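S.K.: Here you go, one structure.
The values are calculated or read from the model by the stated rules, or taken from the named source; none is laboratory data. Everything numeric here is computed off the predicted structure, so don't read it as measured data. All Cβ positions, even for glycine, are placed from backbone atoms using ideal geometry, and neighbour counts span all protein chains on display. The protein model used for the area step is the full one, side chains on, heavy atoms only, and it has no ligands, DNA or RNA in it. Shrake-Rupley method; radii C 1.70, N 1.55, O 1.52, S 1.80 Å.
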Amino acid sequence: MSVAGVPRPLTLGDLAAKKDAGEPIVMVTAYDHPSAQIADEAGVDMVLVGDSAAMTVLGYSSTVPVTMDEMLMLTRAVRRGLTRALLVGDLPFGSYEASDSLAVQTAQRFVKEAGCDLVKLERGGTTVDRARAIVAAGIPVVGHVGLTPQSATALGGYRAQGRTADAALAVIDDALALQDAGCSLIVLEAIPSEVTSLLQERLTIPTIGIGAGADADGQVLVWHDLLGIYGGPAAKFVKRYADVRAASEAGVAEYAREVRSGKYPAPEHGYGMPADEVAKLKELLAGR
Ligand code: KIV
C-alpha cells in the first residue's frame, strides 16, 4: 500500500505479522545515504546502522572505539535515505551500560537526533535492565545475544557462542530475559542452529539471525560482507552476493590508466565556448 507512489513505512506490527505468517524478515546494515536508498529500493524490511561501522567504514580494529557522534552522523545519513524500511540505531559501547538513565538518554538521542525507529543494545545481564528502562521510556528495543562483539574479549574472541549445553542455556536465558524486559526483536549472532530452534519454541517476539541458522524469523548481514566490499577474511556465516570491491578496484585502476594515458577526459567530457567568444576573449587578453 502506498500514497502517490511513496511506499508506506513499515511498522512493528508488520514484523509481527511476518513472523506469524512465516514470512522471513530481511535486515541489512547500512552506514550512508546511497546504501540506505539501495536497501530501501531493494525492499528490505529493516536497516541497522550497526556499530560494525567502526570496522567497515571507519577503519577501527573493533567495534569498541566508535563514538556517539560518529554513530549519530552515520545514522542521520541513513535516515535521509529510507522511506519504507524500519531504522535501527546501534548504541555504541560505553553509551548505555553504566545506568538506566544513561541508557535512556542515549536511546533518546538516537530517536530524536537521528530518527531511529528502534535502538539495539548487546548482551544479557545488566543490559536487560537497560532494555527495560528504554522500553519504559517509549522506545522500541532490539536485543542482541550470542556473539556480542562489544564484549568479544570477554567471550574469548570472535567465535560462535552457546556450543555447550550450559553455554546454550545462558544464551537462551538472556534472550528470554530480554523478551520479558519488553524487547521487540532479538538478534541471534553466531549460535548453533539447534539453539535457535529451541529459542524459536520459547520466544514470541521475532528473532533475526546472523550465523544462527535458518530457523530465525529473519536474517541480517553486514553490507560490506554481503556485497564483497570488506577486504578482510569473512566469518563462516557470510555469503557474498556481489564483488563490489573487485569491481571498484578495476574501475579506479581503469580511471587512473586513462588519466595517465590522456584518454580521459575526452572532448565530450568538457565544456565548449562559442568561437566568437573565444576570439573576443583573445582580443581582450591581447589588449591588456
Ligand atoms: O553492528 C552490527 O552490524 C551488528 C549486526 C552484525 C547484527 O550488530
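S.K.: Restricting the range 19-35 to residues that are assigned to a helix (DSSP H, G or I) and not small (Gly, Ala, Ser), which is farthest from the ligand (Cβ to nearest atom)?
M.R.: Once the filter is applied, the top-ranked residue is Asp20.
S.K.: Could you grab me the full set of residues in the range 72-85 that are part of a helix (DSSP H, G or I) and open to solvent by less than 30 Å² (accessible area, probe 1.4 Å)?
M.R.: Selection gives Leu72, Leu74, Thr75, Ala77, Val78.
S.K.: How many residues, within the range 200-233, are part of a helix (DSSP H, G or I) and either more than 20 Å from Ile172 (Cβ to Cβ) or open to solvent by less than 70 Å² (accessible area, probe 1.4 Å) (or both)?
M.R.: Matching residues across the range 200-233 total 5.
S.K.: When both residues are 6+ apart or on different chains and their Cβ atoms are under 6 Å apart, which pairs have a first residue that lies in the range 234-258 and is open to solvent by 100 Å² or more (accessible area, probe 1.4 Å), and a second that is of a type in the set (Val, Ile, Thr)?
M.R.: Arg245/Ile229
S.K.: If a residue must be under 14 Å from Ala167 (Cβ atoms) and assigned to a helix (DSSP H, G or I), how many such residues does the range 186-195 contain?
M.R.: Residues flagged as under 14 Å from Ala167 (Cβ atoms) and assigned to a helix (DSSP H, G or I) within the range 186-195 amount to 2.
S.K.: While we're here: Condition first: within 30 Å of Gln108 (Cα to Cα) and at pLDDT 95 or above. Now tell me which residues in the range 151-174 satisfy that.
M.R.: Across the range 151-174, the qualifying residues are Ala170, Val171, Ile172, Asp173, Asp174.
S.K.: Are there any strands (runs of 3 or more DSSP E) wholly within the range 86-159 with 1 or more residues that are in contact with a helix residue (DSSP H, G or I) (Cβ under 9 Å, 6 or more places away or on another chain), in contact (Cβ under 8 Å) with a residue 24 or more places away in the chain and within 11 Å of the ligand (Cβ to nearest atom), and if so which?
M.R.: Qualifying strands (runs of 3 or more DSSP E): 86-90, 141-146.
S.K.: Also: Mind checking whether some residue in the range 182-193 is among the charged types (D, E, K, R), away from the ligand (no atom under 12 Å from the Cβ) and over 25 Å from Ser101 (Cα atoms)?
M.R.: Scanning the range 182-193 turns up no residue that is among the charged types (D, E, K, R), away from the ligand (no atom under 12 Å from the Cβ) and over 25 Å from Ser101 (Cα atoms).
S.K.: If you take the residues of the range 36-64 that are touching a helix residue (DSSP H, G or I) at 6+ places or on another chain (Cβ under 6 Å) and open to solvent by 10 Å² or more (accessible area, probe 1.4 Å), which of them is farthest from the ligand (Cβ to nearest atom)?
M.R.: Tyr60
S.K.: For the range 162-199, which residues satisfy the criterion of being within 19 Å of Val135 (Cβ to Cβ) and open to solvent by 40 Å² or more (accessible area, probe 1.4 Å)?
M.R.: Hits for the range 162-199 are Asp173, Asp174, Leu176, Asp180.
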